[in-house]
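Comments concern the structure below.
The values are calculated or read from the model by the stated rules, or taken from the named source; none is laboratory data. Just so it is clear, the structure is predicted and the values come from calculations on it, not from any experiment. Neighbour counts are summed over all protein chains in view; Cβ atoms, including those assigned to glycine, are modelled from backbone coordinates with ideal geometry. Quick note on the areas: whole protein, heavy atoms, side chains included, nothing else; ligands and nucleic acids left out. Shrake-Rupley method; radii C 1.70, N 1.55, O 1.52, S 1.80 Å.
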Amino acid sequence: MGSISHVITTNPTFLHLPSTRSTALRFSRFNSGLPPLPPTRVAGKVGVFAEVSSPSSSTSAVDFSDPDWKTKFQQDWEARFRLPHLTDVFPDAPPIPSTFCLKMRTSIDRDFNGHYSSDEDWHGYINNNDRVLLKTIYYSSPTSAGAECIDPDCTWVEQWVHRAGPREKIYYKPEEVKAAIVTCGGLCPGLNDVIRQIVITLEIYGVTNIVGIPFGYRGFSDKELTEVPLSRKVVQNIHLSGGSLLGVSRGGPAVSDIVDSLEERGINMLFVLGGNGTHAGANAIHHECCKRQLKVSVIGVPKTIDNDILLMDKTFGFDTAVEEAQRAINSAYIEAHSAYHGIGVVKLMGRSSGFIAMQASLSSGQVDICLIPEVPFNLHGPCGVLDHLKLLLETKGSAVVCVAEGAGQNLLQKTHATDASGNVVFGDIGVYIQQQTKKYFKEIGVHADVKYIDPTYMIRAIRANASDGILCTVLGQNAVHGAFAGYSGITVGLCNTHYVYFPIPEVISHPRLVDPNSRMWHRCLTSTGQPDFI
């Protein structure tokens, strides 16, 4: 989506204070003695760039000598996480009673056009002032494992975000709504589940005009691609298969062209399913709609199999990917265990973040070495991966290596090529490790039988498992609730087991990363028994 990049910039609020997760990460890395993370970009997409600050700059945004710094921090936090609303552009927009009430048989009184029933005794609505606490652990010291601190003393600071769910008052009349759904980027388990639930929830509100935009943002400009009419009948069983009913693609037209298309089509609710880059595009569409004073709600649903979106417990597709990765790891283990001096190498997804590799290694119990982008490693040398593989063959007779696709890119020759979304095309670290392993053992005169497995596209294409199915269902429902509540430029996510709304800029500044000082990474290292490869 390179053509969108010229209008997307980082939100000015980023200048006030750094994102809490990145602040915490900086303090935890500073106290662990680990090297600072390299500058990174938002999933390499749509030209949105944001550097991860170094530990030395982590306190520059806050004057801790000010006795009121904590209060000021919380006030700034509240301002940053305020949800954009239609009344920001249309202050006189009248709210009406919600058409969503599970005590009523139908959402709209069909006998009286424009008359909406309301059940004030139903206690299923969310109050606009409901909040969810972002952080629940009190760290007594910055040296605690995985400590996420705002100041050097690790002061407890409450950080609240907005609770998701249906509101008692809504800002759209369902019979006037034309809702559109678009799925962007690559495939991910659960896309059809989210599409299905958005359509079902829209119909419960009383919306009858629902369409899908085919093949991502491209569908807004390609004249050969037509809208896909959606209804409960159409989507009833789509969650039983993988992929996306609407298709996916990377790249797309300029933001102004997309908003022109929204106007021409009469769309006033747009649900965008995608990752960091797609969300940056959705935020740009939201701002362009506000600029043109269009009453359009743009709602994001985070779709990234890598689980790399900030502030969220997890994103849909991740649990399925970890579960399906077990098959590949188990196959690698059987191949390695059945061969004389067998070594199985499995490459899993994870461009910037190693969550899939870490969790899959931890859950399998069959992995001896886990390599992720966040933790540098040497392949050669006395402390390298290959030397440890030699030890494993001598002691165990076999070994299994699990590597994330973005790990060890410093060892490979850079191509400087990019895909349609602006992502740098990575070298194949899995093939490289396979080749280097064969070469190493041949040179030292030790037999090694190396097998390589890359299950990437098998994992992406399967249907969501039960855990992701539930997550997708609730995310889809809450996306619709957010749109009818009048919000725009927001995304829905899971935070401390509760569903919440975030302003899009707060979750796309950079990818969420595995903290090498976190307890989960320590647990993974305990499980594999691997040493430090530096």
| Selected residue [over 16 Å from Val272 (Cβ atoms), in contact (Cβ under 8 Å) with a residue 12 or more places away in the chain and either open to solvent by less than 10 Å² (accessible area, probe 1.4 Å) or in a helix (DSSP H, G or I) (or both)] from Glu203, Glu148, Glu158 | Glu203
| task | Answer yes or no as to whether Ser244 is within 30 Å of Ala466 (Cβ to Cβ) and touching a Leu at 6+ places or on another chain (Cβ under 7 Å). | result | yes
| request: Search the range 414-467 for residues being hydroxyl-bearing (Ser, Thr, Tyr) and not in a helix (DSSP H, G or I), and hand back the single one that is modelled with the lowest pLDDT. | output: Ser421
| task | Out of Gly427, Gly445, Gly406, report the one residue that is more than 30 Å from His510 (Cβ to Cβ), among the small types (Gly, Ala, Ser) and free of Cβ contacts under 8 Å to residues at least 60 places away in the same chain. | result | Gly445
| Restricting attention to the range 272-293, does a residue exist that is under 17 Å from Gly486 (Cβ atoms), assigned to a helix (DSSP H, G or I) and open to solvent by 40 Å² or more (accessible area, probe 1.4 Å)? | yes
| request: Within the range 359-403, track down each residue that is at positive phi and either in contact (Cβ under 8 Å) with a residue 40 or more places away in the chain or in contact with a strand residue (DSSP E or B) (Cβ under 7 Å, 6 or more places away or on another chain) (or both). | output: Gly365, Gly397
| message | Which of the numbered conditions does Pro511 fail, given that it passes all the others? Conditions: (1) modelled with pLDDT under 95; (2) open to solvent by 10 Å² or more (accessible area, probe 1.4 Å); (3) under 18 Å from the mean Cα position of the chain (by Cα). | response | (2)
| said: Of everything in the range 341-365, what is in a loop (DSSP other than H, G, I, E, B), buried (at least 24 other Cβ atoms within 10 Å of the Cβ) and in contact with a helix residue (DSSP H, G or I) (Cβ under 8 Å, 6 or more places away or on another chain)? Give them in sequence order. | reply: Met349, Gly350
| Which of the residues spanning the range 391-426 are among the small types (Gly, Ala, Ser) and surrounded by fewer than 16 Cβ atoms within 10 Å (Cβ to Cβ)? | Gly397, Ala417, Ala420
| request: Of the conditions (1) surrounded by fewer than 21 Cβ atoms within 10 Å (Cβ to Cβ); (2) in contact (Cβ under 8 Å) with a residue 24 or more places away in the chain; (3) within 30 Å of Ser467 (Cβ to Cβ), Lys233 clears all except one; give me its number. | output: (2)
| field | One residue from His287, His337, His341 being farther than 30 Å from Ile433 by Cα and of a type outside the set (A, V, I, L, M, F, W, C) | value | His287
| message | Just to be sure before I move on: is Asp313 in contact (Cβ under 8 Å) with a residue 40 or more places away in the chain and open to solvent by 10 Å² or more (accessible area, probe 1.4 Å) in the structure I sent? | response | yes
| note | Flagged pairs (Cβ under 7 angstrom, 6 or more apart or on separate chains; first in the range 73-94, surrounded by 13 or more Cβ atoms within 10 Å (Cβ to Cβ); second of a type in the set (A, V, I, L, M, F, W, C) and assigned to a helix (DSSP H, G or I)) are Val89/Cys290; Ala93/Leu86
| message | Against the conditions (1) open to solvent by 10 Å² or more (accessible area, probe 1.4 Å); (2) over 14 Å from the mean Cα position of the chain (by Cα); (3) aliphatic (A, V, I, L, M), where does Leu494 fall short? Just the number, please. | response | (2)
| task | Residue by residue through the range 428-452, note down the ones that are surrounded by 16 or more Cβ atoms within 10 Å (Cβ to Cβ) and either under 25 Å from the mean Cα position of the chain (by Cα) or of a type in the set (Asp, Glu) (or both). | result | Ile429, Gly430, Asp449
| request: Say whether the condition of being modelled with pLDDT under 95, assigned to a loop (DSSP other than H, G, I, E, B) and open to solvent by 50 Å² or more (accessible area, probe 1.4 Å) is met by at least one residue in the range 245-265. | output: yes
| said: Can you find, within the range 521-534, the residue that is modelled with the lowest pLDDT among those that are over 15 Å from Val367 (Cα atoms) and open to solvent by 60 Å² or more (accessible area, probe 1.4 Å)? | reply: Ile534
| remark: Selection from the range 366-381 of residues farther than 11 Å from Asp532 by Cα and either acidic (Asp, Glu) or open to solvent by 10 Å² or more (accessible area, probe 1.4 Å) (or both) yields Gln366, Asp368, Pro373, Glu374, His380, Gly381
| field | Any chance Leu191 is farther than 24 Å from Phe318 by Cβ and crowded, with 21+ Cβ neighbours inside 10 Å | value | no
